[in-house]
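The values are calculated or read from the model by the stated rules, or taken from the named source; none is laboratory data. Every value quoted in this text rests on a predicted model; they were computed, and no experiment measured them. Because the Cβ atoms are built from the backbone with ideal geometry, glycine has one as well, and the counts that use them run over all protein chains shown. Accessible surface areas use protein heavy atoms only, side chains included; no ligands, DNA or RNA. Shrake-Rupley method; radii C 1.70, N 1.55, O 1.52, S 1.80 Å.
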Amino acid sequence: MKNSAVSISGLRHSWPGPGEILAIDEFEIMRGESVFLAGPSGSGKSTLLGLIAGVTPVQTGKIEVLDQAMDPAKPQARDRLRADQVGMVFQLFNLVPYLTAAENVRLPLAFSAQRRADVSASGLAPKDEATRLLGALGLASNIHDQRAAELSVGQQQRVAAARALIGAPGLIVADEPTSALDEDSRDTFLDLLSNEARRNEAALLFVSHEQSLASRFERFVDLQSINRAGVPA
Amino acid sequence: MNLVLVAIAWKSLINRGMSAALTILAVTLAVTLFLSVERIQAGVRTSFNSTISGTDIIVGARGGAINLLLYSVFRLGDPTANVSWESFERIAQAPGVDWAVPISLGDSHRGYRVVGTTPEYFQRYRYGRDLPLSFRQGRAFERTHEVVLGSDVARRLDYEIGTQILLSHGVGAVSFAEHGGHDFAVIGVLEPTGTPVDRSVHVSLESIEAIHIGWDGGIAPRNPTIATDDDALRPESVTAAFIGTVSPMRVLSLQRQINSDPDEALSAVMPGVALTQLWQIIGVGEQAFRAVSALVLLVGLISILTALTSGLNERRREMAVLRATGARPADVFSLLVLEASGLAAIGALVGILLTQLAVAIVASLMQSRFGLDLHGSPGSLELGVFFTVTFAGAAAGTLPAWQAQRNVLSDGLTNKL
Ligand SMILES: Nc1ncnc2c1ncn2[C@@H]1O[C@H](COP(=O)(O)OP(=O)(O)OP(=O)(O)O)[C@@H](O)[C@H]1O
Ligand SMILES: [Mg+2]
């Protein structure tokens with residue numbers, strides 16, 4: 001068994017409009033490693049995350065997450081792998097608005113037996129694990145039963161982080177989760193997210209164009225350094 | 001089925017409060033209308049089919065069963081011929097006959113038919129679930145020139161006990177010849193039954209004879225005589241007779257016997273059979289009603305489809321979020337189908353309860369006023385409507401569900417809105 005959380009080889013991806021966006025020969029993220037991925041707007045960062053999370057099928061090449069292929073021919077297997085192993089946080093609108101914070105956090109458990117099993121192995125009921133995670137991300141308990149639509153953006157992002165972490169998936173991908181936050185809450189958010197990811201021994205792939213945040217991560221990757229697409233030969 | 005999805009669907013419905021409530025209302029009204037129409041129709045059918053009950057056979061002159069039923073029970077149309085008093089007595093004494101009540105028609109009072117009969121009529125005539133006639137005021141006639149009114153007659157004409165009335169020869173609304181010199185006194189008024197009895201004026205057979213003494217065809221006598229001698233007032237013929245048998249097993253043989261009477265051409269019909277035949281003719285409107293209320297039900301279901309489809313665009317992000325947390329496209333599909341069936345099921349349930357409530361409120365009024373029996377607890381019809389509507393709601397939900405699932409696949413997990 002290899003020791004990688006994400007392993008990419010010979011990946012190429014084009015969109016109908018802009019044409020070829022990604023051409024990555026080799027790229028690997030180790031288990032438990034935290035990686036900061038930078039790149040200008042439109043360079044294909046979100047596209048890459050979509051491919052890694054198995055939402056966008058791979059066109060050419062190969063992506064493995066926790067040693068399992070994101071097989072373009074098997075959408076259900078990709079859904080399974082994502083449900084079990086990938087926690088995701090986006091820039092905005094991460095939550096189901098009519099569910100409470102705690103319900104949003106528990107959501108992945110509804111779709112993954114593996115993550116349910118992981119929670120029960122910890123000896124905690126799903127409810128208590130959600131409470132624990134929300135607490136660890138600095139959300140006071142009076143907020144837990146509030147509907148997501150009523151939370152501030154900063155609170156919403158922390159709920160999203162707790163949800164990504166529940167059931168200890170092997171990989172957390174975060175697509176500019178801090179860009180809507182002010183500087184203070186951004187720092188707290190980052191600290192809490194990386195602490196919890198480390199505790200779970202989850203790999204963290206963090207995308208942002210704010211390069212000042214890079215120092216908090218083990219590894220800094222500029223997409224343009226691994227991506228040959230668009231670069232004149 | 002993922003129980004969490006059911007919970008999510010439920011919360012999503014609650015979240016969309018007003019719009020969900022309006023959709024439910026549409027389904028509720030449609031279901032209520034449908035069930036009410038069914039209820040009323042069933043009530044009309046039963047009350048029609050039990051316009052006369054407890055009578056096993058109706059005897060009249062040879063003719064069609066429906067025609068006999070129409071003039072003897074519904075007091076519509078005219079008999080082709082009469083039944084002789086000898087035949088009536090012969091039948092009344094035939095083995096197996098428990099009782100026989102003759103009726104004599106042909107006169108009227110201000111458009112209401114006069115029924116000449118015996119006082120036994122008031123004990124033997126049954127309607128609905130074997131309900132007897134009862135007197136709201138007064139009593140049955142005991143001698144000539146006494147009259148018992150059906151409830152409608154008394155109410156419409158504003159008559160009460162003691163009112164003096166005249167009868168008219170013939171049955172036109174505006175009759176040409178009055179039975180002058182024969183003042184009748186109202187002696188009794190019946191309770192409403194919802195049957196043609198309500199629109200009948202009842203007198204004794206002797207009264208009928210008495211007012212016709214001296215009549216020659218349609219011409220009134222010069223000097224009306226008032227005879228009270230019983231022998232002189234014995235009728236020569238009656239229009240029809242209601243017969244009760246000692247046992248239901250005698251009915252068929254008695255009917256055959258009367259139909260093949262060697263002395264007079266008679267018809268014997270079983271009122272139940274004739275009523276069913278008649279209903280088949282006049283009950284066609286039933287289907288039209290049912291079709292219209294089924295259409296309304298369809299419109300109610302389409303409102304589910306509209307509500308869910310119009311909400312889809314603003315819910316794209318929500319669906320993408322569910323996908324990101326591990327939901328498969330099939331889960332997104334089930335979520336919307338669950339919401340649709342939830343709307344339908346709640347609407348159906350409320351509609352069923354509303355119908356029950358309405359029935360409970362108006363039933364006794366309908367019973368006393370129109371003789372319509374609407375009572376009854378929800379049964380297989382309601383159960384069937386509940387499941388059909390829920391299932392149809394789910395089916396309607398597959399369209400927006402399919403759309404949402406397609407969106408979810410093409411939207412990916414982009415941050416775009
Ligand atoms: N679903 C899609 N269909 C077609 N084109 C797409 C799609 N998603 C992205 N693109 C195109 O691919 C290119 C890269 O987009 P992407 O969102 O991956 O960039 P990004 O690096 O995440 O940019 P940003 O920093 O602004 O988020 C853009 O030109 C975009 O228009
Ligand atoms: Mg992006």
The ³J(HN,Hα) series, computed from each phi in region A:161-170 with the Karplus coefficients 6.51, -1.76 and 1.60 at θ = phi - 60°, rounded to the nearest Hz and given as x for glycine or proline, is 5, 4, 5, 4, 8, 4, x, 6, x, x
Separation between the A:Ala125 and A:Phe220 pseudo-spin-labels, each 7 Å from Cα along Cα→Cβ, expressed in nm?
4.7
Counting Lys and Arg as +1 and Asp and Glu as -1, what is the net charge of the other residues whose Cβ lies under 10 Å from the Cβ of A:Ser9?
-3
Alpha carbon convex hull of chain B, projected area averaged over orientations, nm²:
26.4
Among B:Ile91, B:Gly397, B:Gln123, the residue whose Cα sits farthest towards the positive end of the charge dipole of chain B (+1 at Cβ of Lys and Arg, -1 at Cβ of Asp and Glu, taken about the Cα centre) is B:Gly397
Cut-off 10 angstrom, C-alpha nodes, Gaussian network model of chain B. Which of B:Thr118, B:Thr276, B:Thr51 fluctuates the most?
B:Thr276
If you project the alpha carbons of region A:44-115 onto the principal axes, what extent comes out on each, in Å, largest first?
40, 29, 17
In square nanometres and to one decimal, what's the mean projected area of the convex hull around the Cα atoms of the protein assembly as shown?
42.9
So for R0 = 45 Å, FRET eff. of B:Leu381-B:Glu160 from the Cβ-Cβ r, to 0.05, ends up at 0.55
Accessible solvent surface per residue of the protein assembly as shown, calculated while the other protein chains remain in place, 1.4 angstrom probe, Å²
44
Degrees between helix A:183-199 axis and first principal axis of chain A (Cα, 0 to 90, nearest 10)
90
Give the average over all directions of the projected area of the C-alpha convex hull of region B:57-269, one decimal, in nm².
11.5
Any idea how far apart B:Ala330 and B:Ala265 come out in nm if each label point goes 7 Å out from Cα toward Cβ?
7.7
Can you list the residues of region A:79-118 whose accessible area drops by at least 30 Å² going from the chain on its own to the full set of protein chains, with a 1.4 Å probe?
A:Asp79, A:Arg82, A:Phe90, A:Phe93, A:Val96, A:Tyr98, A:Leu99, A:Glu103, A:Leu107, A:Ala110, A:Phe111
Quick one: which residues, 5 or more positions from B:Leu266 or on another chain, have an amide H under 5 Å from its amide H? H modelled 1.01 Å from N in the peptide plane, none for Pro or chain starts.
B:Arg62, B:Asp261
For region A:29-170, what size does the Cα cloud have along each of its three principal axes, sorted from largest down, in whole Å?
48, 37, 28
Between B:Asn15 and A:Glu28, what is the FRET efficiency for a Förster distance of 45 Å, r being their Cβ-Cβ separation, to the nearest 0.05?
0.55
Each label point is 7 Å from the Cα along the Cα-to-Cβ direction; what then is the distance between the points at A:Arg132 and B:Thr276, in nm?
7.3
How are the alpha carbon pair distances in region B:52-134 distributed across 10 Å bins from zero to the largest one, expressed in percent?
15, 49, 33, 2, 0
Can you list the residues in region B:10-42 whose accessible area drops by at least 40 Å² when all protein chains are present, compared with the chain alone? Use a 1.4 Å probe, heavy atoms only.
B:Lys11, B:Asn15
In Å, what Rg and Dmax follow from the Cα atoms of region B:242-367?
28.9, 94
Integer Hz, Karplus 6.51/-1.76/1.60 couplings in order for region B:8-21, x for Gly and Pro:
5, 4, 4, 5, 4, 5, 4, 4, 8, x, 4, 5, 5, 4
Given R₀ = 35 Å, FRET efficiency for B:Arg62-B:Val292 by Cβ-Cβ distance, to 0.05?
0.25
Using Cα-Cα distances under 8 Å and only pairs 6 or more residues apart, what relative contact order does region A:1-145 have, in percent?
18
Quick one: net charge of B:Ile187's neighbours, Cβ under 15 Å, K/R +1, D/E -1?
-2
Nearest 100 Å² is fine: how much accessible area is buried between B and A, summed over both sides, with a 1.4 Å probe?
2100
Probe radius 1.4 Å, ligands and nucleic acids ignored: give me the carbon and sulfur share of the accessible area of the protein assembly as shown as a rounded percent.
57
